[in-house]
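Some notes on the structure that comes next.
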Amino acid sequence: MSFQRFVEVGRVALVSYGPDEGKLCVIVDVVDQNRALVDGPISVTGVHRQTINFRSLALTPFTVKIGRNAREKSLKAAIAKAEVLPKWEATSWAKKRALRKTRATE
């Protein structure tokens, strides 16, 4: 079995460091070999369009079908069509993160 989570346009990623830590975003464009342009969009996941270093991203197994530099409207439609958020909530990765968060607040 080969590696499946490649950095590509449309790949859903989890921000693992910085002010948007723990939020999902979508890779909209690859800037260079170290950075990607990502977008939430802000109304769906709370992440603004910004460049983020690859070291601050954790790639998920989900992808959405979008073109390079997709606008917010088409990105929202693609996320809704691919049902990314319900699929994410059903993963054990998301459940573990939610459990850790509730334990930390107790």
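Scanning segment 12-39 for residues that are part of a strand (DSSP E or B) and charged (D, E, K, R), which turns out surrounded by the most Cβ atoms within 10 Å (Cβ to Cβ)?
Filtering segment 12-39 for residues part of a strand (DSSP E or B) gives 12-15, 24-30, 35-39.
Next, only the ones that are charged (D, E, K, R) stay: 29, 35, 39.
Numbers: 29: 16, 35: 17, 39: 23.
The selected residue is 39.
Scan the helices (runs of 4 or more DSSP H) fully inside segment 61-106 and keep the ones with 2 or more residues being touching a Pro at 6+ places or on another chain (Cβ under 6 Å) and surrounded by 10 or more Cβ atoms within 10 Å (Cβ to Cβ).
Numbers: elements: 72-82, 84-90, 92-105.
Ranges flagged: 72-82.
So that you can scan it fast, the table gives a plain yes or no per residue for (1) out of contact with any Asp or Glu (no Cβ under 9 Å at 6 or more places or on another chain); (2) of a type in the set (D, E, K, R); (3) at positive phi; (4) in contact (Cβ under 8 Å) with a residue 40 or more places away in the chain:
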{"residue": "17", "(1), (2), (3), (4)": "yes, no, no, no"}
{"residue": "25", "(1), (2), (3), (4)": "no, no, no, no"}
{"residue": "28", "(1), (2), (3), (4)": "no, no, no, yes"}
{"residue": "37", "(1), (2), (3), (4)": "no, no, no, no"}
{"residue": "70", "(1), (2), (3), (4)": "no, no, no, yes"}
{"residue": "78", "(1), (2), (3), (4)": "yes, no, no, yes"}
{"residue": "90", "(1), (2), (3), (4)": "yes, no, no, no"}
{"residue": "95", "(1), (2), (3), (4)": "no, yes, no, no"}
{"residue": "102", "(1), (2), (3), (4)": "yes, no, no, no"}
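Collect the residues in segment 35-79 that are in contact with a strand residue (DSSP E or B) (Cβ under 7 Å, 6 or more places away or on another chain), within 15 Å of residue 24 (Cβ to Cβ) and hydroxyl-bearing (Ser, Thr, Tyr), keeping them in residue-number order.
Correct list: 45, 56, 60, 63.
No value in this document is a laboratory result; all are computed from the given coordinates. Quick caveat, the model's predicted, so the values are computed rather than measured. So basically every Cβ, Gly included, is an ideal-geometry build from the backbone, and we count neighbours across all protein chains shown.
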